[in-house]
1. Which one of the conditions (1) surrounded by fewer than 18 Cβ atoms within 10 Å (Cβ to Cβ); (2) out of contact with any helix residue (DSSP H, G or I) (no Cβ under 8 Å at 6 or more places or on another chain); (3) outside any loop (DSSP other than H, G, I, E, B) does residue 159 fail to meet, given that it meets all the rest?
2. Only residues that are in a loop (DSSP other than H, G, I, E, B) and in contact with a strand residue (DSSP E or B) (Cβ under 9 Å, 6 or more places away or on another chain): list them for the stretch 236-251, please.
3. Considering every residue within the stretch 100-122, establish whether at least one is among the aromatic types (Phe, Trp, Tyr) and open to solvent by 40 Å² or more (accessible area, probe 1.4 Å).
4. Quick check on my filter: what residues within the stretch 174-194 are open to solvent by 60 Å² or more (accessible area, probe 1.4 Å), of a type outside the set (Asp, Glu) and free of Cβ contacts under 8 Å to residues at least 40 places away in the same chain?
5. Given the criterion open to solvent by 50 Å² or more (accessible area, probe 1.4 Å) and free of Cβ contacts under 8 Å to residues at least 60 places away in the same chain, identify the matching residue among 245, 287.
6. Any residue at all in the stretch 84-94 that's open to solvent by 50 Å² or more (accessible area, probe 1.4 Å), part of a loop (DSSP other than H, G, I, E, B), over 22 Å from residue 40 (Cα atoms) and at pLDDT 85 or above?
7. When you scan the stretch 318-341, do you find a residue that is modelled with pLDDT of 95 or more, of a type in the set (A, V, I, L, M, F, W, C), crowded, with 24+ Cβ neighbours inside 10 Å and on the phi > 0 side of the Ramachandran plot, even just one?
8. Using beta carbons and a limit of 6 Å, which pairs, at least six apart or on different chains, have the first residue in the stretch 202-221 and in contact (Cβ under 8 Å) with a residue 24 or more places away in the chain and under 27 Å from residue 143 (Cα atoms) and the second one part of a helix (DSSP H, G or I) and open to solvent by 10 Å² or more (accessible area, probe 1.4 Å)?
Amino acid sequence: MRDIAVVAYAQNPIVRDAGANNEVELIMPVVKQVLKDTGLKDIHDIDFTCSGSCDYLQGAAFAFVAGVDALGAVPPIKESHVEMDAAWALYESILKIKMGAADSALIYGFAKSSPGKLAQVLSQQLDPYYYSPLWPDVVSLNAMQARAALDAGVLTEEDMAEVVSRSRANAKSNDKAQLSGDYSVEQLLEEPEYIAPLRKHDCPPVSDGASAMIICTVEKAKEWGLPFAIIKGMDHRIETHNFGARDLTTSESTTIAAEAVGVNSAKVDIAEIHAPFSHQEIILKKALGLGDDTVVNPSGGPLAGNVMMAAGLDRIGEVARRIINGEAKRGVAHATSGPCLQHNMVTVLEAE
């Protein structure tokens, strides 16, 4: 089983509203950037391409097909798609390489969430018989999870505000971030509740954007003469879609995945956690077994910019970028999907 290297990662500036730019126009810059960073001429120098997006956001079946126009896919390419965050497109691409069906892959994720009502759109992920017909919005569902965690003593409102404060401060050094700045815990707690116990800053911003990544075998990365970060392990676990049958104050699937890839077998320098809501970072940090010596979400994380179907890939890209730049030797990236942390993927990346 061949080791996989991340050799390039690019992200658009995350914005609240991309205006007249369509999805193809969001994708093209990041694809061009990763090709430029690797010195490849065009998409046909890549063996496999896989994307992650959500047709519900575009309001049409097979809407993701239009995104392929950004690749200039003539003559034909080997291409696939997942109706999930592009972190899962990365997962598929890694399997393709490990099976020997490819030596390199381009992964991209994109979303234009601004035109619709995102909180309601995501209710379509729910059980179609019992939950979806009730149209519970995603903020209300996660407010239920936050309330359960508060009542169980897992965290406090001060803990949640501290997460937001740190996220916004970290994002000041991230030129792609949508939200950043200096906010004290006291300032944040003075803000009114939005959907109790969540305040607006506890929730992810609605974001438009796209991200892309190129991976390949370690041998291919050396052949291309590129610096890289090695994906040492990746594990994905799923909990029941019936969130009423789960303990929402913990993330058992994240714990299992973290153990499977040996998160705590060595020091973790940085961790990028895909926690769209402030309370979820606290739950996930405990599930991952991370200590205070690990820097969490140095990019600002999803609270600083949350492109649907790309935010999970961004977590992996951020860790890889810091390892390639020499800022860290070992990092953990987490991606989630589904209601209240239903799906969880944990990735360990290391320097060569």
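The values are calculated or read from the model by the stated rules, or taken from the named source; none is laboratory data. Owing to the predicted nature of the structure, the values given are computational and were not obtained by experimental measurement. When we count neighbours, we look across all protein chains shown, and the Cβ atoms used for this are built from the backbone with ideal geometry, even at glycine. SASA here: full protein model, heavy atoms, side chains in, ligands and nucleic acids out. Shrake-Rupley method; radii C 1.70, N 1.55, O 1.52, S 1.80 Å.
1. Here residue 159 meets the rest and fails (2).
2. 239, 251, listed by residue number.
3. Looking through the stretch 100-122, none of the residues is among the aromatic types (Phe, Trp, Tyr) and open to solvent by 40 Å² or more (accessible area, probe 1.4 Å).
4. Of everything in the stretch 174-194, those that are open to solvent by 60 Å² or more (accessible area, probe 1.4 Å), of a type outside the set (Asp, Glu) and free of Cβ contacts under 8 Å to residues at least 40 places away in the same chain turn out to be 183, 187, 192.
5. Exactly one of 245, 287 is open to solvent by 50 Å² or more (accessible area, probe 1.4 Å) and free of Cβ contacts under 8 Å to residues at least 60 places away in the same chain, namely 245.
6. No, the stretch 84-94 has no match at all.
7. Yes, the stretch 318-341 has at least one match.
8. Going by the 6 Å Cβ cut-off, the qualifying pairs are 203/139; 206/118.
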